[in-house]
Amino acid sequence: MANETLIGEVSNYFDHVGVAAIKLSAPLKVGDKIHIKGGENTDFEQEVESMQIQHEKIQEAKEGDEIGLKVKEKVRKGYKVFKV
């Protein structure tokens, strides 16, 4: 989609809690809208409602951080994360 910026990649997914670990290549903050795309069927947008680093809630993360983010659909390692 237009005006999207690649900001990271899914590095892990925890099925039992619906949380993706995302390695960031750009900053991200609560309230941002993201678009996750990968595989044949995964292509969705959602707002960042909360995120964590090492189980600590944070409001913003910077390039190089690995964050935990609750996602509304199942994702897999290697899926791309864009900021909308």
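Values computed for the structure shown
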item	result
Packing-based ranking, highest mean first, of 13-19, 47-53, 32-38 given that Cβ atoms within 10 Å are counted	32-38, 47-53, 13-19
FRET E, pair H16, K80, Förster distance 22 Å, beta-carbon r, rounded to 0.05	0.40
Reported label for calculated Cα Rg over 2.2 N^0.38 Å given (i) 0.96; (ii) 2.20; (iii) 2.35	(i)
Local electrostatic count at V75 - Lys and Arg +1, Asp and Glu -1, tallied over other residues with Cβ under 12 Å	+3
Debye, to nearest 20: dipole size of the chain, +1 on Lys, Arg Cβ, -1 on Asp, Glu Cβ	100
Using θ = phi - 60° and Karplus 6.51 cos²θ - 1.76 cosθ + 1.60, couplings along the range 6-22 (whole Hz; Gly, Pro as x)	5, 10, x, 9, 5, 9, 6, 9, 10, 4, 5, 10, x, 10, 9, 8, 10
Distance in nm between pseudo-label sites at K37 and K70 (7 Å out along the Cβ direction from Cα)	2.7
Net charge contributed by nearby residues that have their C-beta within less than 11 Å of G8 (K/R +1, D/E -1)	-1
Pairwise label distance in nanometres, E49 with N3, each label 7 Å out on the Cα-Cβ vector	2.5
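Computed from the coordinates by the stated procedures, all read-outs in this text should not be read as laboratory data. None of the values given here were measured: they were computed from a predicted structure. Here Cβ is always computed from backbone atoms with ideal geometry, including for glycine, and neighbour counts include all displayed protein chains.
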